[in-house]
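The values are calculated or read from the model by the stated rules, or taken from the named source; none is laboratory data. Computed from a prediction, not measured in an experiment: that's the story for all the values here. Counting neighbours? That spans all protein chains shown, and the Cβs are built from the backbone with ideal geometry, glycine included.
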């Protein structure tokens, strides 16, 4: 196994095209970062497009928690509303002591560090499971990582997507090596903000590590209860219990209160979820809500069947079998999300599938779809320059990418699980 630095240097020395592509991608990234930073600091003012970041919501919420004010309100048209647990609001309390611009600089720096660490850890994971060709793709596609819409948009809106993507990656590593303590710590950081990123908790059961799986679930419940207790200790029982009730009400109300794009708007907007697509064509009504739920349930049936088969047998010939499960769980869980903007692991999943898919036509079709998403920021700028419609508002690329990933991965899993024979995966615990 080559260290990341050695593998990078080798490609840098051997390929002039790689050097040119990486330098151009880095220049684009730095220019884009400078524009975003100037916009956030309000040095660059764009008429009709004020700096309105998710970080501002977090920062305000931290102040509201300290002042014991209500945290949850009906979403605005830009959905600038707090939808995380009161635990997250409590954690934002210390952040809100700093000025907003200081917090902004810190958030940008944190996002950049997390993005670099995300790249590094997945290079290590692929190597650890003998997926050297996939690790090589990570090196080859480093320029794409620098211009990917996933990181550009997270630096634009300053959500915690990249942070959660890294924490989930570290949780994957901890779960696969059965490190209970570190797994529980990571869970405590994920659950208060975006619980769906805790999907690696399903891995021990799918890989038949029963004892560790149940210990992990119990540890997660204990940690979450401890965090609730700490929040109550800081904020007071009456205030925190009331906010938890409002939090659950807010989640239940999203289908009714979210500013969905409809056929009257003429575009999907940046939310590319199944719920959004169904509502666009069917309108905001109970029929659309039920229809979207049925579609999501139907899409999950093959995965549930694969999970059932995995629980019944201990065999696999797929290289990187645990990695395969991680990637399909990631794709599946984000299909369920009703407000879904980004595919943060897009180049991770694609690096794996680009190597594993044998059918050339399928690989090329998937490549076209993925590269359209990855290069969406560049294509959007080009569209504005040419006075053309913005593609992301009219084509639900994020959803199409996820569905393509999910379909290919589930098909591979089912084919493998139904194949007789194969080397055993040792059952422990």
Which of the following residues is within 20 Å of the chain's Cα centre (by Cα), on the phi < 0 side of the Ramachandran plot, assigned by TED's automatic domain parsing to the domain that holds residue 250 and modelled with pLDDT under 95: 84, 129? 84
Which count do you get for residues in segment 225-249 that are touching a residue at least 60 places away in the same chain (Cβ under 8 Å) and at negative phi? 13
Suppose the filter is outside the structural domain of residue 311 (by TED's automatic domain parsing), touching a helix residue (DSSP H, G or I) at 6+ places or on another chain (Cβ under 9 Å) and modelled with pLDDT of 95 or more; does residue 155 pass it? no
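Would you check if residue 311 is part of a helix (DSSP H, G or I) and at pLDDT 90 or above? Quick ask: steps written out before the conclusion?
Details: part of a helix (DSSP H, G or I): yes; at pLDDT 90 or above: no.
It is false that residue 311 is part of a helix (DSSP H, G or I) and at pLDDT 90 or above.
Taking segment 33-53 as the region of interest, how many residues are crowded, with 18+ Cβ neighbours inside 10 Å and outside any loop (DSSP other than H, G, I, E, B)? Walk me through how you get there before you give the answer.
First, pick out the residues of segment 33-53 that are crowded, with 18+ Cβ neighbours inside 10 Å: 36, 40, 51, 53.
Those left that are additionally outside any loop (DSSP other than H, G, I, E, B): 36, 40.
The qualifying residues number 2.
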For segment 188-213 the number of residues that are within 21 Å of the chain's Cα centre (by Cα) and part of a loop (DSSP other than H, G, I, E, B) is 4
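Please return the ranges of helices (runs of 4 or more DSSP H) entirely within segment 329-411 where 3 or more residues are within 18 Å of the chain's Cα centre (by Cα). Break it down stepwise before answering.
Working: elements: 346-356, 360-374, 376-385, 391-394.
Ranges flagged: 346-356, 360-374.
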When residue 272 is evaluated against the numbered criteria (1) free of Cβ contacts under 8 Å to residues at least 60 places away in the same chain; (2) closer than 27 Å to residue 164 by Cβ; (3) not in a helix (DSSP H, G or I), which criterion, by number, is the only one it fails? (1)
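Go through 168, 226 for me and flag whichever is at pLDDT 95 or above and part of a helix (DSSP H, G or I). Reasoning before the result, please.
On the way: 226 fails: at pLDDT 95 or above.
The conditions single out 168.
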